[in-house]
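*Asks:* Just dropping this structure here.
Derivation of every value follows stated rules applied to the coordinates shown; laboratory data play no part. Because the structure is a prediction, the values reported are computed rather than measured. Backbone-built Cβ (ideal geometry, glycine too); neighbour counts: all protein chains shown.
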Amino acid sequence: MHEDLKDTGRESGLPPLLGTSPGVLVLGSFPSRMSLSSGRYYANPRNHFWSVMRALLHLEGEGIPAWEKGLTDAGIAVWDVIASRRYQPGSMDRDICEEEVNNIPGFLTTHPTIRCICLNGGKAHESFKRTIRAMPLPSSIRVCPLPSTSPANARYTLQEKVARWQVLLEYLVQ
């Protein structure tokens, strides 16, 4: 059990996955139970995130640590909109309650090379809209709501997800 659960009944997400000078910020909602346990984003092997990224970026190597390096080297940062939530036993976005959000406007200020925010799924989009309501983003940053890579999103095939997620390639820092 995480330390924060003992004291507060809340659990915290993961720190940003970040290289130097990212052009794209991928925001999910909150890490899955598997991701929290492993300390790595999109650790559920059924989640299509790494399959989508490998297809788009031709990531080399075996496993998430190698793919993370390829992702950050390509200029993509990964984080979540939600910083913490009340503990829940499962990983379904619909069950998230008492969410507290990350300081995304502050993150964008300290990482001015970000030109595109890709929102991984509906919950990330919904929480993000509430987060930035009081502080509008610079007009130079494009926000792209994208289909969730979650295994719960069976509405899109892997190939359809890859096609929709291709938009991030336009914003990688050259």
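*Asks:* Where does the chain land at 222 nm, in deg cm²/dmol rounded to the nearest 500, when only DSSP H runs of n ≥ 4 count, each adding -39500 (n - 2.57), divided by all residues?
*Replies:* Calculated at 222 nm, the ellipticity per residue is -9000 deg cm²/dmol.
*Asks:* Per residue, how big is the convex hull around the C-alpha atoms of the chain? Give it to me in cubic angstrom, could you?
*Replies:* 115 Å³
*Asks:* Taking the DSSP beta bridges in the chain as the whole, what percent of them are antiparallel, to the nearest 5?
*Replies:* Of those bridges, close to 30 percent are antiparallel.
*Asks:* How far apart, in nm, are the 7 Å Cα→Cβ label points at LYS129 and ILE141?
*Replies:* 1.8 nm
*Asks:* For the chain, what relative contact order do you get, as a whole percent, if you take Cα pairs closer than 8 Å and at least 6 residues apart?
*Replies:* This gives 30 percent for the chain.
*Asks:* Related question: Which value in nm describes the separation of the simple spin-label points at SER38 and LEU158, placed 7 Å from the Cα toward the beta carbon?
*Replies:* With each label placed 7 Å out from Cα toward Cβ, I get 1.5 nm.
*Asks:* Just grab the label-to-label distance for ARG54 and PHE107, each label 7 Å out from Cα along the Cβ direction, in nm (one decimal).
*Replies:* 2.5 nm
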